[in-house]
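K.L.:
This is the structure I have questions about; it appears just below.
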Amino acid sequence: MSKKISIAIDGPAAAGKSTVAKIIAEKLSYIYIDTGAMYRALTYKAIQESLDLECEEQLINTLQIIEIELKPSENGQLVFINQENITDKIRDQDVTSAVSIVAKHRKVREEMVRRQQNFAKNGGVVMDGRDIGTHVIPHAEVKIFLLASVDERALRRHEENTAKGYNSNLEKLKEEIALRDKLDSEREVAPLKKAVDAIEIDTTSLSIQEVVSRIMEIVEGKN
Ligand code: CDP
Ligand code: CDP
C-alpha cells in the first residue's frame, strides 16, 4: 500500500475503537493515537490536584503546563504526563467517571484538538475518539463510526475486568456507560456524532476480526 492516509474511528465507549484501531495501525505500519487517553490524562491530573472539574480556567491552566505523550510499546500504548507513566492510572474508575465532565469544556477541547492535529499532520495515522471524523481530521480519507448496544458494551468491559481479576458489577457498568454516552452526545462542543461521510458498523454481533476485515476492505478501496 503506497499512499499514507488518515483513518478516523469514532463511537461510544467500548464499541471496540481502540482494539481495532491498534490492529489496523499495526497492519498498515501507521501511528495509533488514542485521543481518549489524552482527556483521561488531564482528568487524572485534575483529580490529583483537586481541581474543580467544572472550572474551565483551572483545567486549561493545568493542561498548558503538562506534556501528554503517547508511546507505543510491546505491551500496547503507554501514556505519560511530564515523563510520569500513568498508563494504568488513567483507567481507574474515578478517572472514568469524571472524564466526560473535563471533556465538555471548549478551551480544553480546542487545546486537545490542536495537539491531536499536530500528531496527525503527516498522515499515516489511525486516530480514535468521539470527534475525530467531525472535528480533528475532517479531511480523513476513511471515517468509521463503530456502534454496539449498551448491554453488549457493558458486557465487554465486564469481561475485561473479570479477566484482569478486578471486581466488576455489570449493572453499574451499564449505568456508567449510558451516562457517559449521554454526556458525550449532548455536550455543546464537538459532541459524539457520526460524521455525515462516516461508515457506520454495528459491532454488536461481530468479532474483532470481522470488524477489522470490514475496515481493511474500506481502506484498501482508497488505495
Ligand atoms: O475507552 P473508552 O471508550 O471508555 O473511553 P475513551 O476513548 O478513553 O474516552 C474517554 C472519554 O474522553 C470519553 O467518554 C469522552 O468524554 C472523552 N473523549 C472526547 O470527548 N473526545 C475524544 N476525541 C476522545 C475522548
Ligand atoms: O476503545 P473502545 O472504548 O471503543 O473499546 P475497547 O477499549 O477497544 O474495548 C472493546 C472491548 O470489546 C475489548 O475487550 C475487545 O476485546 C472487545 N470486542 C471488540 O472490541 N470488538 C468486538 N467486535 C467484540 C469484542
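The values are calculated or read from the model by the stated rules, or taken from the named source; none is laboratory data. Note that the coordinates shown come from a computational prediction; the quantities given were computed from them, not determined experimentally. Ideal geometry is used to build each Cβ from the backbone, glycine not excepted, and the neighbour counts take in all protein chains shown.
K.L.:
Going by the structure shown, is residue 21 part of a helix (DSSP H, G or I), buried (at least 18 other Cβ atoms within 10 Å of the Cβ) and modelled with pLDDT of 95 or more?
P.N.:
yes
For every residue, the table says whether it meets (1) under 16 Å from the mean Cα position of the chain (by Cα); (2) assigned to a strand (DSSP E or B); (3) more than 14 Å from ligand 1 (Cβ to nearest atom); (4) β-branched (Val, Ile, Thr).
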site	(1), (2), (3), (4)
158	no, no, no, no
161	no, no, no, no
165	no, no, yes, no
188	no, no, no, no
191	yes, no, no, no
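K.L.:
Please find, within the range 103-129, the residue that is farthest from residue 19 (Cα to Cα) out of those that are in contact with a Lys or Arg (Cβ under 9 Å, 6 or more places away or on another chain) and of a type in the set (Val, Ile, Thr).
P.N.:
125
K.L.:
Moving on to the next point. I want to confirm something. Restricting to the range 11-47 and keeping residues that are among the basic types (Lys, Arg) and closer than 21 Å to residue 208 by Cα, which single residue is nearest to ligand 2 (Cβ to nearest atom)?
P.N.:
The residue in question is 17.
K.L.:
All but one of (1) under 30 Å from residue 221 (Cα atoms); (2) touching a Ser or Thr at 6+ places or on another chain (Cβ under 9 Å) hold for residue 151; state the number of the condition that does not hold.
P.N.:
Failing condition for residue 151: (1).
K.L.:
Can residue 44 be described as closer than 30 Å to residue 220 by Cβ, in contact with a Lys or Arg (Cβ under 6 Å, 6 or more places away or on another chain) and either modelled with pLDDT of 95 or more or among the aromatic types (Phe, Trp, Tyr) (or both)?
P.N.:
Spelling it out, it is not the case that residue 44 is closer than 30 Å to residue 220 by Cβ, in contact with a Lys or Arg (Cβ under 6 Å, 6 or more places away or on another chain) and either modelled with pLDDT of 95 or more or among the aromatic types (Phe, Trp, Tyr) (or both).
K.L.:
Quick check on the range 133-155: of everything there that is buried (at least 20 other Cβ atoms within 10 Å of the Cβ) and aliphatic (A, V, I, L, M), which residue is nearest to ligand 1 (Cβ to nearest atom)?
P.N.:
Of everything passing the filter in the range 133-155, 136 is nearest to ligand 1 (Cβ to nearest atom).
K.L.:
Also, I was wondering about something else. Being small (Gly, Ala, Ser) and either loosely packed, with under 14 Cβ neighbours inside 10 Å or within 16 Å of ligand 2 (Cβ to nearest atom) (or both) is the filter here; which residues of the range 156-212 pass it?
P.N.:
163, 165, 168, 178, 185, 198, 205, 207
K.L.:
List every residue pair whose Cβ atoms lie under 6 Å apart, where the two residues are 6 or more positions apart in sequence or sit on different chains, the first residue falls within the range 208-223 and is closer than 25 Å to residue 156 by Cα, and the second residue, located anywhere, is modelled with pLDDT of 95 or more and among the hydroxyl-bearing types (Ser, Thr, Tyr).
P.N.:
208/19; 211/203
K.L.:
Pairs only if they're at least six apart or on different chains, beta carbon under 6 angstrom, first in the range 100-116 and more than 15 Å from residue 44 (Cα to Cα) and modelled with pLDDT of 95 or more, second basic (Lys, Arg) and more than 16 Å from ligand 2 (Cβ to nearest atom); list them, first residue then second.
P.N.:
The qualifying pairs are 104/187.
K.L.:
Restricted to the range 41-57, and to residues that are assigned to a helix (DSSP H, G or I) and small (Gly, Ala, Ser), which residue is surrounded by the most Cβ atoms within 10 Å (Cβ to Cβ)?
P.N.:
So, considering only residues that are assigned to a helix (DSSP H, G or I) and small (Gly, Ala, Ser), the one surrounded by the most Cβ atoms within 10 Å (Cβ to Cβ) is 41.
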